[in-house]
Structures are given as structure tokens and as C-alpha cells.
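> Below is a structure I'd like to ask you about.
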Amino acid sequence: VLSVDVSRPMDEDEAVVARGGYVAAFHDPDVISAIMNGGLGRIAVTYVEFAQPGYQTVLIPWTIIDSQQSAYAFADLLNRAPLQYQGATSISDDLMFAAGLFDKSGYNSFRLTIDVSGNGPNNSGMPVTQARDAVAGRGIVINGLPIDLGPREAVISNLTDYYKQCVIGGVGAFLE
């Protein structure tokens, strides 16, 4: 699950970085090669945008990426979708929602991963560490992709540390 914060504190520059990074990744020959040369030669991916509790939108439903063509098609769908912004930031609700998507995907996988991108801390909903622990306890890896473009409304001075301490979890989780 690729999950991106679209709460009101995200500004257009940060939203473009978040979404543009995924668009670029699915056009990148190294990424496509890694997918196709992985254990199964394919991945199932969905793209979710989140904000306050109760606001999680599946922008692109579960899609199999197994070729350059399917990777480009996914990236192009994402690139054409309009940017939308909502209220507060609930990483915790997003994690619980994203974890539930695996149950509804129709796919079985030996590795379940949520990549969370955002520009600030959880400021609404249950404590993020509680959600992280529940999701990681299911064997789902949570990676963090904090977006820090300098002093902005929602960015805290230690955003990377916050993601490291409160958001990422599970075996092999990373922060980028």
C-alpha cells in the first residue's frame, strides 16, 4: 500500500514531491527491473490518500505491476489524478485502513508493506504508536517517507526522528 498524506497542512510543493516520487519510481528502469526480477516477478500495489480520521481514499485500486507497460500505466493514472487536500492528519487511521486493504485485495503475499508519506505528525485519531504496533503485530511492514522541504506549517523540527520513533515498524522497515 502506497499511502500519502493529503491533509490541509500539505502544501502543493510537498504534494508534488510525494506523488511525483511515485510517478517517477514507476517509470524508473531500475524499479521496474527490481519488480520483475523479484521472487514472483510482480507486485500488487494500491495508492491511498489520507487525512483526518475517516478520510482515506483509494485513488488507484489494487493493480498488478509485472511489466514496464503495467508500471507506466499505474504511474500515468496517478499522474492524471487531481490533487485534493483535507483537514487534520491521522497517520493512525491511515495505518489501520491500509492494513485492512490487504484483507480485501484478493491476493496472497509473503510480504505485506505500507509506505507512508507525509509532512507532519499524527495530530488526530488514536495514538500513532498504538496503530503502528497493531499493524506491525499482524506482520505488516511500515516504511516511512517523511517529506521535509524546510520550514512549513505542519513540519516539526524532528520529522525524520518522529517517523523513526513513532511510524515505522516491522521486520525490515526503513525510513527514507
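The values are calculated or read from the model by the stated rules, or taken from the named source; none is laboratory data. Since we're looking at a predicted model, the values are computed, not measured. Using ideal geometry, Cβ is built from the backbone for each residue, glycine included, and neighbour counts are taken over all protein chains shown. Each accessible area value is taken on the protein alone, full model and side chains, heavy atoms only, with ligands, DNA and RNA left out. Shrake-Rupley method; radii C 1.70, N 1.55, O 1.52, S 1.80 Å.
> How far apart, in nm, are two points set 7 Å out from the Cα along the Cα-to-Cβ line at L175 and at N108?
Label at L175, label at N108, 3.6 nm between them.
> Also, I was wondering about something else. If you plug each phi of the range 106-112 into the Karplus form 6.51 cos²θ - 1.76 cosθ + 1.60 with θ = phi - 60°, what whole-Hz ³J(HN,Hα) values come out, in order, with x for Gly and Pro?
Result, ordered by residue: x, 10, 10, 8, 7, 9, 10 Hz.
> Rounded to the nearest percent, how much of the accessible area of the chain (1.4 Å probe, protein heavy atoms only) is carbon and sulfur?
52 percent
> Another question, if that's okay. Would you mind getting the accessible area per residue of the chain, heavy atoms of the protein chains only, 1.4 Å probe, in Å²?
48 Å²
> Amide H of I114 versus every other amide H placed in the peptide plane: which residues, excluding those fewer than 5 positions away on the same chain, fall under 5 Å?
Here the answer is V141, I142, N143, since their amide H atoms fall under 5 Å of that of I114.
> Let me ask something additional. Among (i) 17.1, 62; (ii) 16.8, 57; (iii) 15.2, 42, only one was calculated for this model; which label is it, if the read-out is Rg and Dmax of the Cα atoms in Å?
Calculated Rg and Dmax of the Cα atoms in Å: the matching label is (iii).
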